[in-house]
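This report refers to the structure that appears directly beneath it.
The values are calculated or read from the model by the stated rules, or taken from the named source; none is laboratory data. Please read all numbers here as calculations on a predicted model, not as lab measurements. With ideal geometry, Cβ positions are generated from the backbone for all residues, glycine too; neighbour counts draw on all protein chains shown.
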Amino acid sequence: VLNVSHINISALRASYKVALPVAKSKTPYTIAETLVKDCIREVCLEMLGESAAQKVAQVPLSNDTIARRIQELASDMEDQLVEQIKEAKYFSLQLDECRDAANTVILLVYVRFEHDDDIKEEFFFSASLPTNTTSTELYEAVKNYVVNKCGL
């Protein structure tokens, strides 16, 4: 049971290690299962043998799995950022309202704060807004995220 558990934990870790570069590459998530997994399996088969190739086959890399892993990674990064902001004595927000190609209004918010004796500036969040956005709607969108979601 210990060996099976170790393989499953290793497969889970491997799944996360594939999900991050897939997210960074901005390619469809299916690439993990249709290309990456097959390539890794072939390399393992050639260099390490059938046993290693079978272990690689156990790594969950389906489209849904990669999407879930990326969402979990993003959520963890968001939590880490919120914790750093909470630890800072002060923070400031920079708001940018823009429209995309479909004429949808998007609010982009950046945060600046002190962390480990350094000033950090990070993307904080984005929100879709009504077409005719007022200052009240901007305020409510920021308040909703900063106060209600982050507890700041």
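Details
- Of the residues in region 37-54, not one is in a helix (DSSP H, G or I), hydrophobic (A, V, I, L, M, F, W, C) and under 24 Å from Ala127 (Cβ atoms).
- The sole residue among Glu97, Glu121, Glu87, Glu83 that is under 25 Å from Ser25 (Cβ atoms) and either among the β-branched types (Val, Ile, Thr) or over 16 Å from the mean Cα position of the chain (by Cα) (or both) is Glu121.
- Options Glu114, Glu78, Glu83; residue that is farther than 30 Å from Ala14 by Cβ, out of contact with any helix residue (DSSP H, G or I) (no Cβ under 8 Å at 6 or more places or on another chain) and not assigned by TED's automatic domain parsing to the domain that holds Tyr29: Glu114
- When restricted to residues that are under 18 Å from Gln71 (Cβ atoms), without any contact (Cβ under 8 Å) to a residue 12 or more places away in the chain and touching a Leu at 6+ places or on another chain (Cβ under 8 Å), region 5-60 contains 0.
- Matching residues, region 109-140, being over 14 Å from Gln94 (Cβ atoms) and aliphatic (A, V, I, L, M): Ala127, Leu129
- Number of the exception - Asp96 against (1) loosely packed, with under 11 Cβ neighbours inside 10 Å; (2) free of Cβ contacts under 8 Å to residues at least 24 places away in the same chain; (3) within 27 Å of Ala19 (Cα to Cα): (3)
- In region 66-90, the residue that is nearest to Val22 (Cα to Cα) out of those that are exposed (fewer than 12 other Cβ atoms within 10 Å of the Cβ) and hydrophobic (A, V, I, L, M, F, W, C) is Ala74.
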